[in-house]
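In what follows, a structure is listed as structure tokens, so that the remarks can point back to it.
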Amino acid sequence: MSLRRLPVYILADCSGSMNGNPIESVKSGIRALHSELMGDPSAVESTYLSVITFDSNAQQIVPLTELSQFNSPDLRAGGTTALGAALKLLSDAIDREVKKNTPEQKGDWKPLIFIFTDGEPTDRWEPAADELKAKRPGNVIAVACGDRAVPEVLKRVTDNVLIMKDMSPDAFKQFFKWVSASIKQTSQKIGGTGAAAPAEGISLPPPPPEIVIHM
Amino acid sequence: MAAAPYFNAKTVEGVEMTFETESIASGGEKVVFFSKQHEHIIGFFHSHLADRLERKRRLEKIIGPFNPTKDGAQANHWKKHFCWPVGIVDSRGVKLPPEFMRRHNLVEPVLGVVVPAYRNNFFFRDRTGSVREKKGRWFTGMKARKLLPDSEKGDFKRYLQVCAVMASAVRRLHFGGLAHSDLSHNNVLIDPKNGDACIIDCDSLVVPGIAPPSVLGTPGYIAPEVLTGTKLPSIETDQHALGVLLYETLMLRHPLQGPKIHSSKSAEEDEALAMGKHALFIENPTDHSNRPNPAPNPSLSAMGSHLQALFLKTFVSGLHHPSGRASAAEWEKALYKTIDLLHPSPNGTEWFPLEPGTPMVCPFTRQRLTSPVPFAQFYRLKGPGAYTHDQASLTVHHNMYIYKWHVFSNVSPMDADREPQGYFSFHQGKWYLVNQTEAQMYVPDSGYVEHGQALEIKQGTQVILSAEHNGRLAIFDFMNP
């Protein structure tokens, strides 16, 4: 099969408000996501995972890594919500890590990017959001978690905004299951889309009932 | 957490069944549940189906008049190699709680399809007790394959057997006028350890008289003319997908994914052209612009003359001309003929097709054979005393058995018993064929070889393998290193 990679970036909010159950749920969610994907040969072939966390700063704690080499990171919650810094870091990581399609080389598939945050950004996030939306480096799905997240902020990053009011461990579990189903489906469906579907759009499985699409 | 561990359903056909409420998986189209005894699986289609009525009608035809697993002498054989739907469940047959419906994205009226659970040998089982289906992609994907235990991988002979099973199953579908429309390594289970295969996801078959399904197939397997939007899935587009499946299974690479760049705009656009409008076989004998460097191993020529001819037919002359592709029946025959050409590698770990004109080197182990190898051409009686070539031949190795499909011109390996009719032996520097048929073998101008007797095989030896009706004439030659 093709050597093209499907890069997947997960941007996780690790600010102080995530402390306790939520951060533990995210940790086990990423672990479950990895083990679920390892059970799917198409995902094993193409998927590369990266994790970017943000609190008072942003950090790429796992660079883009082949699925079978990926180790789930340890996450800690604390600090504020530097979403802007995370978006800037994402943009740089994509420039650096994702192989471009040129007349000389076969590049990677369009990255799949999942962002979730439970609060309002505390840094100057607008320029980074605008830049990302203008650049469209991949298919971005943003999730506003809990009561304090502001879907309108995420709308400035992407048109695909989901709302997950419930932050219980089970809701996170369902969320990561859906992320894994989305990656699996994309890893199977990437390729010759041709006339069947426009290259721009991706179709993901319907999100679980805990998550609603923000219109 | 769901309250009840089970729910009951009655199929349209009138069978009562009990299923677990905890789903096993949820895909793009369906969410699936085990029956209580894990003998069946039910899949409910997600959300609202625009073509619900059509799907139901299609399923009724698949389960009814177009069902190869129901009647006929070979029904039990096909049950093994298809995961064929056995029942439909609609809203009259099942009442599901609202919370359950919501959780699984189901809406009234529901539509579910019941299929048998896969056979045991199609699951990996590891020490932790986790269970995984043996989708073909595990064996053909370079990274996925590395994660498998060696004991699961099988040798080249087993892959040819896997391919023969896949080709025969597709041949059976096409014989009945059905097209699968979504053949891919995600929709076949293979067991190379035992040379076994099973086609799954048979609910979107193209049934004559019913509109084709909305599914166009899986990328990488969709025929160029479907990608360019000029044709819909059909038997001819299945023939393309089957060619890709077989090429991947035998060569562990994709026939159209080479280095040629078709668009630098995006991976998606490049791939659409590489699989569609500009599709070009990586081993095209005249146009080398999509050829990988270094050259892939094994090369197409290492597959033997029969398979080489069909791959060229499917991926060169038939790639953009659907009527020129090899049929499933042709593949099946070619695969059995290739199995007859197999010779063990010198170290005994692999098998490779060997016939006159090919190098006497195993392409997998790169080891060279150092002694002459006998090779038989088969002829059948055409008229009194007149024989004609039977389009069959056999590469001989030590301790090799021959079967009825070798001895008789009217027996096919697909339906013959596996009772040995003789064997070859290399003994004290000489080659022998030992007769185990019920009848005599006959050497023209020389005499009979009785049951249990051995005939020495030399350059030019001629023997009629059975004095009974339809016994073939074998003429031996030697391939010399």
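The values are calculated or read from the model by the stated rules, or taken from the named source; none is laboratory data. Everything quoted here is computed from the prediction, not taken from an experiment. For neighbour counting, all protein chains shown are included, and Cβ atoms are generated from backbone atoms with ideal geometry for every residue, glycine included.
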If we keep only residues of the stretch A:126-141 that are in contact with a strand residue (DSSP E or B) (Cβ under 6 Å, 6 or more places away or on another chain) and either over 14 Å from A:Arg156 (Cα atoms) or within 14 Å of chain B (Cβ to nearest Cβ) (or both), then the residue surrounded by the fewest Cβ atoms within 10 Å (Cβ to Cβ) is A:Asn139
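Mind checking which residues of the stretch B:222-254 are of a type in the set (Gly, Ala, Ser) and in a helix (DSSP H, G or I)?
B:Ala241, B:Gly243
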Output for Cβ contacts, cut-off 7 Å, separation at least six or different chains, first residue aromatic (Phe, Trp, Tyr) in the stretch A:123-150, second part of a helix (DSSP H, G or I), reads A:Trp125/A:Leu83; A:Trp125/A:Gly84; A:Trp125/A:Leu87
inquiry  = Is it the case, given these coordinates, that B:Ser425 is under 35 Å from the mean Cα position of the chain (by Cα), more than 24 Å from B:His306 (Cα to Cα), part of a strand (DSSP E or B) and not aliphatic (A, V, I, L, M)?
reply    = yes
Per the filter on the stretch B:136-171, residues outside any helix (DSSP H, G or I) and either at pLDDT 95 or above or more than 8 Å from chain A (Cβ to nearest Cβ) (or both) are B:Leu148, B:Pro149, B:Gly154, B:Asp155
| query | Does the stretch B:96-113 contain at least one residue that is within 14 Å of B:Ser204 (Cα to Cα), within 21 Å of the chain's Cα centre (by Cα) and crowded, with 16+ Cβ neighbours inside 10 Å? | reply | no
B:His278 fails exactly one of (1) facing chain A (nearest Cβ under 9 Å); (2) surrounded by fewer than 24 Cβ atoms within 10 Å (Cβ to Cβ), namely (1)
When restricted to B:Cys202, B:Cys198, the only residue farther than 18 Å from B:Phe139 by Cβ and touching a Phe, Trp or Tyr at 6+ places or on another chain (Cβ under 8 Å) is B:Cys202
Flagged in the stretch A:1-22 as away from chain B (no Cβ under 13 Å) and either closer than 30 Å to B:Tyr247 by Cα or crowded, with 21+ Cβ neighbours inside 10 Å (or both), in numbering order, are A:Val8, A:Tyr9, A:Ile10, A:Leu11, A:Ala12, A:Asp13, A:Cys14, A:Ser15, A:Ser17, A:Met18, A:Pro22
Item checked: Any chance A:Leu204 is at pLDDT 85 or above and under 18 Å from the mean Cα position of the chain (by Cα) -> no
B:Glu268 fails exactly one of (1) under 29 Å from B:Ala392 (Cβ atoms); (2) of a type outside the set (Gly, Ala, Ser); (3) crowded, with 21+ Cβ neighbours inside 10 Å, namely (1)
A careful count of residues in the stretch A:126-158 that are out of contact with any Lys or Arg (no Cβ under 6 Å at 6 or more places or on another chain) and assigned to a helix (DSSP H, G or I) gives 13
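Report yes if A:Ala58 is small (Gly, Ala, Ser), in contact (Cβ under 8 Å) with a residue 40 or more places away in the chain and in contact with a strand residue (DSSP E or B) (Cβ under 7 Å, 6 or more places away or on another chain), otherwise no. Spell out the reasoning first.
Values: small (Gly, Ala, Ser): yes; in contact (Cβ under 8 Å) with a residue 40 or more places away in the chain: no; in contact with a strand residue (DSSP E or B) (Cβ under 7 Å, 6 or more places away or on another chain): yes.
The answer is no for A:Ala58.
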Of the listed residues (B:Val215, B:Val188), the one being among the hydrophobic types (A, V, I, L, M, F, W, C) and buried (at least 22 other Cβ atoms within 10 Å of the Cβ) is B:Val188
Contact list, first residue from the stretch B:214-240 and facing chain A (nearest Cβ under 8 Å) and within 24 Å of B:Arg253 (Cβ to Cβ), second anywhere and in a loop (DSSP other than H, G, I, E, B) and hydroxyl-bearing (Ser, Thr, Tyr), beta-carbon distance below 6 Å, six or more apart or interchain, is B:Thr218/B:Ser184
The lone condition B:Asp390 fails out of (1) outside any loop (DSSP other than H, G, I, E, B); (2) under 23 Å from B:Pro344 (Cβ atoms) is (2)
Of the residues in the stretch A:79-125, those that are outside any loop (DSSP other than H, G, I, E, B) and either surrounded by 15 or more Cβ atoms within 10 Å (Cβ to Cβ) or within 14 Å of chain B (Cβ to nearest Cβ) (or both) number 18
Of the candidates B:Leu256, B:Leu246, the one satisfying the condition of being at pLDDT 95 or above, under 30 Å from B:Trp351 (Cβ atoms), more than 13 Å from chain A (Cβ to nearest Cβ) and crowded, with 17+ Cβ neighbours inside 10 Å is B:Leu246
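Yes/no matrix, rows are residues, columns are (1) touching a residue at least 24 places away in the same chain (Cβ under 8 Å); (2) over 23 Å from B:His180 (Cα atoms):
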{"residue": "B:Tyr247", "(1), (2)": "yes, no"}
{"residue": "B:His262", "(1), (2)": "no, yes"}
{"residue": "B:Glu268", "(1), (2)": "no, yes"}
{"residue": "B:Ala272", "(1), (2)": "yes, no"}
{"residue": "B:His278", "(1), (2)": "no, yes"}
{"residue": "B:Glu283", "(1), (2)": "yes, yes"}
Note on the stretch B:313-367: residues free of Cβ contacts under 8 Å to residues at least 60 places away in the same chain, in contact with a Gly (Cβ under 7 Å, 6 or more places away or on another chain) and crowded, with 22+ Cβ neighbours inside 10 Å are B:Leu341, B:Pro353
Restricting the stretch B:77-94 to residues that are in contact with a Leu (Cβ under 9 Å, 6 or more places away or on another chain) and at pLDDT below 95, the one surrounded by the most Cβ atoms within 10 Å (Cβ to Cβ) turns out to be B:Asp90
Please verify whether the stretch B:151-171 includes one or more residues that are surrounded by fewer than 16 Cβ atoms within 10 Å (Cβ to Cβ), on the phi < 0 side of the Ramachandran plot and in contact with a Phe, Trp or Tyr (Cβ under 8 Å, 6 or more places away or on another chain). yes
Of the listed residues (B:Ser263, B:Ser305), the one being within 14 Å of chain A (Cβ to nearest Cβ) and hydroxyl-bearing (Ser, Thr, Tyr) is B:Ser263
